[in-house]
Amino acid sequence: MAGIYVHIPFCNSFCIYCGFYSVINKQIRDSYIPALKREISERRNFFVAGTKISTLYFGGGTPSVLQIPQLEEIVRCLKENFQFAADGEGKFVAGGEGKFEFTVEVNPDDITPEYAAGLKSVGVNRISMGVQSFIDEHLKWMHRRHTSADAINAYHILRDAGFDNISLDLIFGFAGLTTQQWRYNLSKITSLHPDHISAYQLSIDEGTTLEALANHGKYLPMGADECAAQYAMLQDILSAAGYDQYEISNFARRLPAPSFSQSQSCCNSPFESRHNGNYWNKTPYLGLGPGAHSFDGRNHREWNFPNVVNYCNPQTKEIRSGETLTEKDIFNESIMLGLRQTNGLDLSTLNKDLLRIILPAIARLEDERLLLQENLKDDSGREKFIIKIPTDKFFISDSIMRDLFV
């Protein structure tokens, strides 16, 4: 199984913090769909023959700036060039490893009953909506286009349209967000009962408005201790509200034990993001559009240059570059991707020679209670030697991972 990511590099305005590649240029939008279809056709043989696509993800930018007919046109082209789990009418259906996941990122102010119905008609079965805050003052500072009321209204429109897998995003750890306000945001989001919650600490990314403000002394980041306290509050409140953390920034709604067994899905919960799981578990994925990344599942990575003008020009000869990963690259990436998940990392999957180098560091981190170790057996009886970062140490996970890089 594999995943496809489609980048929609257009926004109607830029958020203060966003470092993802996007443009406001409305003149070039009509040229983008033909260019994207061109790349889809050119890369139809990216995957090993017979590979079935299990996840499809439209990200951005702002994918919800697309009109429904444009989305339909892209999906139609994808179906013509790749093997999806679909019925005789071309509708997405459950595949061998669980329900096919088709996610589209949306902005709250783009959602109307008609647009939500259109997304359903195209086959979208998971929505990721950027709320970021339920405090209008903060939304205005972030340059978000919606209000708190807009986000709540959009959520209910999506529910009424029949979406039973909705993820909402929040941001914490920025100057001006008090403990009381963060608690309020967590109370509001859990009262809506979304199926999935992603929460990210605000970072200062290169080239953003926030970076410019910081460089001119007009923004001072929140201190590490206060950020850590907000992260701990996030974990505690979401756990009490029925959400299980499965990755550093991601929480999935918990189902009653009789309703779900792990054997029914490749994931621990049906609401975990299967597409993001492709990235963390090194499943092959293809990225389409300027700035998108691809990985063959073994040792080769590619990325499209973040330039939509060149991308849309059929005369452009090179739109991407790539690299072949070394054994050290693969090893370090496995450490990083495995330890960001609550399921941890199976040491038996790592390069044995490089593993020997870090065994003393693993022992030291275990003594310091920064790593846990479990010995398990899979369904075939193969032994698995799992290391994981305790969830109460996730906030300092970067430093723990760095101690294990070679």
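The values are calculated or read from the model by the stated rules, or taken from the named source; none is laboratory data. All figures in this text were calculated on a predicted structure; none of them were measured in a lab. Quick reminder, even Gly has a Cβ in these numbers, built from the backbone with ideal geometry, and neighbours come from all protein chains shown. Heavy atoms of the whole protein, side chains included, go into the accessibility calculation; ligands, DNA and RNA do not. Shrake-Rupley method; radii C 1.70, N 1.55, O 1.52, S 1.80 Å.
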Going through (1) more than 28 Å from residue 60 (Cβ to Cβ); (2) out of contact with any Lys or Arg (no Cβ under 6 Å at 6 or more places or on another chain); (3) at pLDDT 95 or above; (4) not basic (Lys, Arg) one by one, residue 255 fails only at (3)
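Take the residues in the stretch 217-245 that are part of a helix (DSSP H, G or I), of a type in the set (A, V, I, L, M, F, W, C) and in contact (Cβ under 8 Å) with a residue 24 or more places away in the chain, then tell me which one is most open to solvent (accessible area, probe 1.4 Å).
Filtering the stretch 217-245 for residues part of a helix (DSSP H, G or I) gives 224-240.
Then keep just the ones that are of a type in the set (A, V, I, L, M, F, W, C); that gives 224, 227-229, 232-234, 237-238, 240.
Pick out the ones that are also in contact (Cβ under 8 Å) with a residue 24 or more places away in the chain and you get 227-229, 232-234, 237-238.
Working: 227: 2, 228: 33, 229: 60, 232: 41, 233: 26, 234: 0, 237: 40, 238: 0 Å².
Taking the candidates together, the pick is 229.
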For the stretch 52-70 the number of residues that are farther than 9 Å from residue 8 by Cβ and of a type outside the set (Val, Ile, Thr) is 7
Of all strands (runs of 3 or more DSSP E) fully inside the stretch 296-404, the set with 1 or more residues that are within 30 Å of residue 30 (Cβ to Cβ) is 300-304, 320-324
The residue that is farthest from residue 140 (Cα to Cα), considering only those in the stretch 174-193 that are under 24 Å from the mean Cα position of the chain (by Cα) and of a type in the set (Gly, Ala, Ser), is 191
Every listed condition ((1) out of contact with any His (no Cβ under 9 Å at 6 or more places or on another chain); (2) without any contact (Cβ under 8 Å) to a residue 40 or more places away in the chain) holds for residue 342 save (2)
Selection over the stretch 318-338 where residues are under 20 Å from residue 304 (Cα atoms) and open to solvent by 70 Å² or more (accessible area, probe 1.4 Å) yields a count of 3
request  = Return a yes/no flag: does the stretch 16-36 have any residue that is at pLDDT 90 or above, open to solvent by less than 10 Å² (accessible area, probe 1.4 Å) and not in a helix (DSSP H, G or I).
outcome  = yes
Exactly one of 50, 59 is part of a strand (DSSP E or B) and either within 17 Å of the chain's Cα centre (by Cα) or on the phi > 0 side of the Ramachandran plot (or both), and that residue is 59
When every residue in the stretch 53-72 that is more than 29 Å from residue 296 (Cβ to Cβ) and of a type in the set (A, V, I, L, M) is compared, the one surrounded by the most Cβ atoms within 10 Å (Cβ to Cβ) is 65
Considering the stretch 286-317, residues that are of a type in the set (A, V, I, L, M, F, W, C) and within 18 Å of residue 33 (Cα to Cα), and then whichever is surrounded by the fewest Cβ atoms within 10 Å (Cβ to Cβ), we arrive at 309
Residue count, the stretch 375-399, condition at pLDDT below 95 and open to solvent by 70 Å² or more (accessible area, probe 1.4 Å), comes to 8
